[in-house]
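Right, one structure below, let's go through it.
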Amino acid sequence: MTIRENYAYAKAAYEKWGISVDEVLEKLKMIPISIHCWQGDDIGGFEVNRNELSGGIDVTGNYPGKASTPEELRSDLEKALSLIPGKHRVNLHSIYAETAGEAVERDQLEPKHFEQWVSWAKENGLGLDFNPTLFAHPKADDGLTLAHPDREIREFWIRHCIASRRIAEYFGKELGTPALTNIWIPDGYKDIPSDRLTPRQRLKESLDKIFAVAIDEAYNLDAIESKLFGIGSEAYVVGSHEFYLGYALKNNKLCLLDTGHFHPTEAVSNKISSMLLYSDKLALHVSRPVRWDSDHVVILDDELREIAHEIVRNDALDKVMIGLDFFDASINRVAAWVIGTRNMLKALLYALLTPAKQLKALQEEGNFTERLALMEEFKTYPFGAVWDYYCETMGVPTREAWLDDIKTYEKAVLSLRS
């Protein structure tokens, strides 16, 4: 059977449950995924004085073809985007500034250092998101930044975060879609602290100063990201989930949930509905932890599907900003983007093709037998046929055919890089 014949069969199966597959695909087209630029160069960035990774961040592997210039990174992103259906966003860190060979300190960064990114985004119809980079810097060597006991160091990072918000505002104005500025800090201690409160007081004061600078929310949305532990901060992280959740709710900021930043037995999918009761919006960094926050490429596993279900069944597609955050240098970096982003979209499609209203009604009626039976049966409904049709109609390769494009690109482009 052809892709269109398979689609017709699948469409009929879903429409028996009142699911309009055509409407589902139109809805899927409108969901942007924020694709992280740092997968393409192992979080290297383009600072004139580059520093080793720190803050518990590590990238393993040495697959050939890593991007080493802005042009190479944008070329790789274009190749990945050409193999992913839909229109999406690109997420930048401040270390991806282009300063024409001039050493510019992070607290002195300006919109002009990202003009080429904005021009490229306009050409490709993309939105941009942003992150201040509070790691891989001499002023972060001891694992403390916004919570540092040294006021001068704190003030440096405060200025950097304010500069980052202004850059994101510039993105929003130029591209007509607000940028998400997400603040993550590595601050914490390797061993048991004797005082947990004081660093958190300093972090709160630093955030208050950062957000005291007015930035138009029509162009920039502020998010703060928690973590359970990190390499070098195993015993205590200043910016815990409880800290940031409380701060976000009190100060009307977005709380960003990274799927690798919690205890191994915690499910981020289970947090989404609770947070939506109290927050108009929330943000996600979707990753895949393997035993620790190791940021593996996203696969179509149970948790990814459940995250998508929670977003879709709660009618929150316009409330949850979905971004990706993984870095794997052991495989083709462009392929990693394609695999992870396509899987995020597959999970959303899978959720959109589930009879959520009927399943909710069965739960309310106490009909748990039928609820369980249907949830299990829909796991083998022909959603793959709908995905293939979607890819074909969106002009990207179906099934594993995209790998041929990656192999050609690797041979013609990546393999020639030193």
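Every number in this text was worked out from the coordinates using simple rules, so none of it is lab data. Small disclaimer: the values here were computed from a predicted structure and weren't measured. Because the Cβ atoms are built from the backbone with ideal geometry, glycine has one as well, and the counts that use them run over all protein chains shown.
Separation of the stretch 82-110 and the stretch 19-40, taken as the distance between their Cα centroids, equals 23 angstrom.
If you model the stretch 27-73 as an ellipsoid using its alpha carbon gyration tensor, with each semi-axis the square root of five times an eigenvalue, the axes come out at 25, 14, 12 Å, biggest first.
If the cut-off is a Cα-Cα distance under 17 Å, which aspartates and glutamates reach K173, setting aside same-chain residues fewer than 8 apart in sequence? Qualifying aspartates and glutamates at Cα under 17 Å: E110, E115, E123, D129, D216, E217, D222. In the chain, taking the dipole from charged Cβ atoms about the Cα centre, the farthest positive-side position among I185, G101, P85 is held by P85. The packing ranking, built from the mean of other Cβ atoms within 10 Å per residue, places the peptides 211-224, 312-325 in the order 312-325, 211-224, highest first.
Applied to the stretch 35-47, the Karplus parametrisation 6.51 cos²θ - 1.76 cosθ + 1.60 on θ = phi - 60° returns per-residue 3J(HN,Hα) values of 8, 6, 5, 6, 5, x, 9, 6, 6, x, x, 10, 5 Hz, with x for Gly and Pro. Note on the chain: with a GNM built from Cα contacts shorter than 10 Å, the maximum mean-square fluctuation among K87, K16, K122 falls on K16. For the options A385, A103, A168, a Gaussian network treatment of the chain with springs between C-alpha atoms closer than 10 Å singles out A103 as fluctuating the most. Work out the P(r) tail for the chain: percent of alpha carbon pairs separated by more than 29 Å, whole number. Cα-Cα pairs of the chain separated by over 29 Å account for 46 percent. Largest GNM mean-square fluctuation across E123, E98, E205, computed for the chain with C-alpha springs under 10 Å, falls on E123. Normalised by the number of residues in the chain, the mean separation of alpha-carbon contacts (under 8 Å, six or more apart) gives a relative contact order of 20 percent. Close amide H contacts of A179 (hydrogens built in the peptide plane, cut-off under 5 Å, sequence separation of 5 or more or a different chain): G172, N220, L221.
Pick out, in residue order, every one of the chymotrypsin sites (Phe, Trp or Tyr not before Pro) in the stretch 260-361 that is DSSP loop and has at most 11 other C-beta atoms within 10 Å; say none if there are none.
Answer by residue number: Y278.
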